[in-house]
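The values are calculated or read from the model by the stated rules, or taken from the named source; none is laboratory data. These figures come from a predicted structure and were not determined experimentally. Note: ideal-geometry Cβ built from the backbone for every residue, glycine included; neighbour counts use all protein chains shown. Calculation scope for accessible area: heavy atoms of the full protein, side chains included, ligands and nucleic acids excluded. Shrake-Rupley method; radii C 1.70, N 1.55, O 1.52, S 1.80 Å.
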Amino acid sequence: MQPLAAALAPALLLATAQVAFAQGIPLVFEPNVGQSAADCEFLARAAGTTLHFRGATAEIRRPCGTSSVTVVGAVPTVRLTIDERAPGHSNYLIGSDPARWRQRVPQARSLRAVDVTPGIDLRWHGASGVLEYDFVLAPHADPAAIELRASERVRIDDQGRLLQDAVPDPIVHEAPVAWQEHDGSRHPVEVAFRLVADDRFGFTVGAHDPELPLVIDPVLTFGTYVGGADVDMVSDCTFDAAGNAVICGLTGSVDFPTAGASQGTLAGGLDAFAAKIDASGNLVWSTFFGGSGSDACWFHGLALDLDGRIYLAGDTSSPDFPLQDAIQTVFAGVYDGFLVRLTASGQLDYATYFGGANQEGFRAVAVHRDPNLGDIAYLTGFAYAGFPTTPTAFMPSNPGPHGNAILTCIAPRCPLGIDLLYSSYLGGGNSDRGLAIAVDPAGRAHLAGQTTQMAGVARFPTTASAFHTGATTNRKSSIIYTNYYACLDPFAAGAQLVYSVILENANDLGGSANGVALDLRPGGHVHALVCGGTADRSYPTTADAYRTTHSGYSDVFVTVIDPDLSGPASLIYSTLLGGTGSEGADDVGLANGLIHLAGVSQESGGKRPVLFPTTSDAIQPSSAGGEDAFVVILDRTASGAQQLVYSTLLGGSGADHAYCVAVAASGAICTGGMTSSTDLLVNRPTGFDATFGGDVYDGWLFRLD
């Protein structure tokens, strides 16, 4: 929720929310003009629930009974008014007597009671189907003076939520969070529910500037399972220009929910899928795509161009994969890579195989618009011998017997008539994988992944400009599993490999660089943000790191590199982050100067609970199972522990993993992955599922505002 209009500032805004009643449908408030009982001023309806509002009281009327919450000490004469109109009207044509009809009853998005107590306004709203209430305090008003009385006993759980013990199910007031905005930045403020009596509660608010607005609000807009009766996974997510979430992944479910589909039925054992969900959780469209074999979009296999078209990358074993304007029309190997482009409305616009006689797969895609060549899809992944390369390739053939990383550039329906612009291997004499990719304005590819090295076998290629030489030995084995970052210019007239480094110093246990994002700096400099997981006890960190030492078996790392600098100067920032278990980040994003991470925190050696660092405003502050997803926001410009702006776990009693994170222009965060938990926090409106339906795993998607 955003602060109120400037006309109300300076003000103090307190907000919390109750359990979602609707399934993806915003709450609409109507004035009572005779269509309901005379004892309410306004009403709203949701699935199986009617909400009545009068003065400082709200009643939640369910088939099992009525519950209420009231502001204690409210001015007796206070009345509700429409705070924000909705575009529609309601009509009630009751019986045959027109005198009983109520037509063009206005609808509202929110209600307000001005001066519910002196200097304090009360506001009700429910844009995402969740009933929320805010308190707006005039300058210097005391938030401790706010007190509410519930119709049932209230208690606070270990997640900071207030539970109103209604029968048969409690009404949940989500834990509030707080912030103040100053000079365009958001500054967190501590807040929590406070019990006053068995049926009364208020708020405890930390130090804040009384001359600035203070926002206290829950952050989970919606959470949903994504899938059907078989295995499903959300592998990547992003936002379009309108703030809709776009997701992709894989599914084996014949009952996977579709709408407006380009392909409406499951064609094989596994199909890839893509879907678009609006800001309230409504399913805009959803489609399968695939053939009679197995098809999947993997971890960073989703990107959008400037026109909102959707690019999807993965691998397929289907000889009948759906194609359109393909540059390779014949299935060539055990698995081939694929590139698909959908219109913004989810219809097939372009699709091609790309591969050789062995096994290939794309794992990530990014899009760059060239003024002459149009939109170019940059793809990375892995390939064995026989992968098609171009004459200008940095590495035209596979340097070893195993799969190696690849970089391929395809311009669908290129204006110059040459769709395949570039294709090359990138690797050493053992096994390497490209797992993430980003493209800078100059058209250079920034790659992150994993490399396997052995004594006597050619290493992953690095440059003399790297900040260090990287891992070369393993104390326990002749094999090194480690991670890399590389910047490669596929269209350079000279040297294509701009910068390349093996990130770890030494790794006995295995590490991987899973995500990459770009920070476009003044003066044309580009900083690459690389994330992953490492067990290297000597992983390179900088003096300004959030944490320089390991906390558990494996920790999250975030490393920032300037590929245009050399040596130690190219290492801009590097930190570790973790708890007592084994953690790794699978995706990284940058918005408003803040680093956003998503990944997994899991038990190590059977040790529970896993103590992962979370903040006081976390949706879920502690581990719910042996393997939980997380979302973290870091401010690397802050000092020490203050860099951890926000951190929450997301999970149930099973295994939960986040593979992606995206940030909208509005600041909304989207994250998704895979879960085996039947008790995931999904009590929010959604176009998908409120219940776990998978055979073993379901996909999941959360939006945080």
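Residues being of a type in the set (Val, Ile, Thr), under 19 Å from GLN107 (Cβ atoms) and either modelled with pLDDT of 90 or more or touching a Pro at 6+ places or on another chain (Cβ under 7 Å) (or both): count how many of those fall in segment 25-57.
The number of residues fulfilling the criteria is 1.
What single numbered condition from (1) touching an Asp or Glu at 6+ places or on another chain (Cβ under 9 Å); (2) under 23 Å from ARG62 (Cα atoms); (3) open to solvent by less than 10 Å² (accessible area, probe 1.4 Å); (4) not acidic (Asp, Glu) fails to hold for LEU131?
(1)
Within segment 526-555, how many residues turn out to be open to solvent by less than 50 Å² (accessible area, probe 1.4 Å) and either among the aromatic types (Phe, Trp, Tyr) or in a strand (DSSP E or B) (or both)?
Total meeting the criteria: 13.
What residue, among those in segment 386-422 that are touching a residue at least 40 places away in the same chain (Cβ under 8 Å), outside any loop (DSSP other than H, G, I, E, B) and out of contact with any Pro (no Cβ under 6 Å at 6 or more places or on another chain), is farthest from GLY333 (Cα to Cα)?
Per the criteria, the residue is LEU421.
Note down all Cβ pairs under 8 Å where the first residue falls in segment 511-534 and is closer than 21 Å to ALA364 by Cα, the second is part of a loop (DSSP other than H, G, I, E, B) and of a type in the set (Val, Ile, Thr), and they're at least six residues apart or on different chains.
none
Would you say GLN263 is at pLDDT 80 or above and open to solvent by less than 10 Å² (accessible area, probe 1.4 Å)? Explain how you work it out, then say what you get.
Working: at pLDDT 80 or above: yes; open to solvent by less than 10 Å² (accessible area, probe 1.4 Å): no.
Here the answer is no, as GLN263 does not meet what is asked.
Of the conditions (1) more than 23 Å from HIS525 (Cα to Cα); (2) in contact with a Ser or Thr (Cβ under 6 Å, 6 or more places away or on another chain); (3) open to solvent by less than 20 Å² (accessible area, probe 1.4 Å), LEU407 satisfies every one except a single condition; which number is it?
Exception for LEU407: condition (1).
Select from segment 143-161 the residues that are farther than 22 Å from ARG79 by Cα and either in contact with a Pro (Cβ under 8 Å, 6 or more places away or on another chain) or in a loop (DSSP other than H, G, I, E, B) (or both) and list them in ascending order.
Within segment 143-161, GLU152, ARG153, ASP157, ASP158, GLN159, GLY160, ARG161 qualify.
Is there a residue being of a type in the set (A, V, I, L, M), open to solvent by 10 Å² or more (accessible area, probe 1.4 Å) and not in a strand (DSSP E or B) anywhere in segment 644-667?
Yes, that holds for at least one residue.
What do you reckon, is THR238 open to solvent by 10 Å² or more (accessible area, probe 1.4 Å), within 13 Å of the chain's Cα centre (by Cα) and modelled with pLDDT under 90?
So THR238 fails the test.
I'm checking my understanding of the structure. Among residues of segment 366-381 that are open to solvent by less than 10 Å² (accessible area, probe 1.4 Å) and in contact with a Gly (Cβ under 8 Å, 6 or more places away or on another chain), which one is nearest to PRO441 (Cα to Cα)? First the steps, then the outcome.
If we filter segment 366-381 for residues that are open to solvent by less than 10 Å² (accessible area, probe 1.4 Å), which is where we start, we get 376-381.
Of the ones still in play, those that are also in contact with a Gly (Cβ under 8 Å, 6 or more places away or on another chain) are 376, 379-381.
On the way: ILE376: 12, LEU379: 16, THR380: 18, GLY381: 22 Å.
The selected residue is ILE376.
Whether any residue in segment 58-67 is modelled with pLDDT of 75 or more, buried (at least 18 other Cβ atoms within 10 Å of the Cβ), within 35 Å of the chain's Cα centre (by Cα) and among the hydrophobic types (A, V, I, L, M, F, W, C) is what I want to check.
yes
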